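Below you'll find the structure, written out as structure tokens, and then a few comments.
The values are calculated or read from the model by the stated rules, or taken from the named source; none is laboratory data. What you see is a predicted model; the values in this text were computed from it and never measured. Methodologically, a virtual Cβ is constructed for each residue, glycine included, from the backbone with ideal geometry; neighbour enumeration extends over all protein chains shown.
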Amino acid sequence: MRIAWIDHTKAMAIVLVVYGHSLSVDWGIDRWIYAFHLPLFFVISGYLGAKASQTMEFLPWLRRQCRSLLVPYFVFATIGYLAWLLVLRHVGDDAAAGVQTLWWQPTLATLYGTGSHATYTVMPEVLWFLPCLLVAQTLSYGLARLPAMGRWPLSIATATSAAYFIPAGVCLPFEIEQALVAQVFLLIGRELRSGSYIDRVAHPELWGGLALLAGSALAYVNEKVDMRVSDYGHFGAFLLTALLLSGGWILVLCRLPSHPISHRIAQHTIAIFPLHPLVFSGFSAAYVYALWQPLTIREHPVVGVIASLVNVALLALVIAPLIQRWVPWVYGTNTARHHGLREQRQKQTVPEKSTADTLP
């Protein structure tokens, strides 16, 4: 059974991710979004994956994580690579900027698991999140088994060391350098689940609003952060800002009743996350070839907001359900079981849970 506040939080966060990639976000909003949107996804992943990591042995647990993360990673990387190879490198932003990316470089980047290398980058770049999440989950699985007195100092020390001592520009396999930081947020999510802290908070809207105000102010004290390239500004300020804004949104949304819109968007974040850049590329072609507008129209604030909402709606209502229907294993659903129980699920009011429900 789905959790209403998880759906609300995932839907809000993925809309911000899409809008942040719309090329129309001004400096102020962009800085605020990047301060917390990815840490919030890691917190949610830790919350949703807490029970399985506590009850399963390591090897079965690891096989489950590889299936639920690496399968969609390679599927969407293949889709993104083919779109780039056949179309985007000839007419997209790479062509306009004169970028000379060789045909084999994105394939190497996919196997290496990086979206932050200047030359070798998985297509689309946002897919870096999935291998990073796999490594971070593995790290947090081990850390969660340590006593609390040792777990948290080691977790914070590991993240801080990675942020300050891994040189800028270093790209380790499967985004290990970012995963060393992300494991802190996964552990926080696990702690929220195991301690049931959210249910204990009185007046969560008030405390959440205060946390959002404090986190928003702190976001503009620090530099603009970007986890993809390990740019955190002042690392202590980054951690505190991300926790205040993530916690603030969770508290503000935790008492809201379920809603079909947030449910639908949250259900398909595993497809919206990697495919929305390709949809934006399609919109760019429509601006130029169908509407006869200059490509700079993408930078107009109103166009950016509308394009982002249409992007999410198109993916959540049309494209992602088709993917879930015809290739359900991308969502972590067994294909034979999916087809065998299709009629039965249509009669159920609660949708079948898949391993994709543990993803951001």
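Per-structure values
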item: Selection within the range 1-56 - at pLDDT 95 or above and of a type in the set (D, E); result: D7
item: Single residue of the range 303-315 satisfying the filter (over 17 Å from S262 (Cβ atoms) and in contact (Cβ under 8 Å) with a residue 60 or more places away in the chain) that is surrounded by the fewest Cβ atoms within 10 Å (Cβ to Cβ); result: V305
item: Any hit, the range 212-235, residues being more than 24 Å from H117 (Cα to Cα), among the hydroxyl-bearing types (S, T, Y) and surrounded by fewer than 23 Cβ atoms within 10 Å (Cβ to Cβ); result: yes
item: Some residue of the range 317-328 being within 30 Å of P204 (Cα to Cα) and either touching a residue at least 24 places away in the same chain (Cβ under 8 Å) or of a type in the set (G, A, S) (or both); result: no
item: Filtered residue count, the range 209-224, keeping only those that are touching a residue at least 24 places away in the same chain (Cβ under 8 Å) and touching a strand residue (DSSP E or B) at 6+ places or on another chain (Cβ under 9 Å); result: 1
item: Condition broken by P167, with the remaining ones in (1) touching a residue at least 24 places away in the same chain (Cβ under 8 Å); (2) more than 22 Å from F36 (Cβ to Cβ) satisfied; result: (1)
item: Checklist (1) touching a helix residue (DSSP H, G or I) at 6+ places or on another chain (Cβ under 6 Å); (2) closer than 30 Å to P257 by Cβ applied to E175, failing item; result: (2)
item: Out of A217, A242, A285, A271, sole residue that is among the small types (G, A, S), closer than 30 Å to Q324 by Cα and at pLDDT 95 or above; result: A271
item: Exclusive hit being in contact with a helix residue (DSSP H, G or I) (Cβ under 6 Å, 6 or more places away or on another chain), in a helix (DSSP H, G or I) and aliphatic (A, V, I, L, M), set A271, A217, A286; result: A271
item: Helices (runs of 4 or more DSSP H) fully within the range 70-172 counting 3 or more residues that are among the aromatic types (F, W, Y); result: 148-165
item: Candidates A320, A237, A266 - the one that is closer than 25 Å to W27 by Cα and either of a type in the set (D, E, K, R) or part of a helix (DSSP H, G or I) (or both); result: A237
item: Any hit, the range 153-163, residues being over 18 Å from I188 (Cβ atoms) and buried (at least 22 other Cβ atoms within 10 Å of the Cβ); result: no
item: Residue, surrounded by the most Cβ atoms within 10 Å (Cβ to Cβ), within the range 269-302, restricted to residues that are among the hydroxyl-bearing types (S, T, Y) and in contact (Cβ under 8 Å) with a residue 12 or more places away in the chain; result: T269
item: Boolean, V18 is under 26 Å from P277 (Cβ atoms), in a helix (DSSP H, G or I) and assigned by TED's automatic domain parsing to the domain that holds Y141; result: no
item: Tally, over the range 249-268, of residues that are surrounded by 20 or more Cβ atoms within 10 Å (Cβ to Cβ) and of a type in the set (S, T, N, Q); result: 2
item: Some residue of the range 183-202 being surrounded by 15 or more Cβ atoms within 10 Å (Cβ to Cβ) and on the phi > 0 side of the Ramachandran plot; result: no
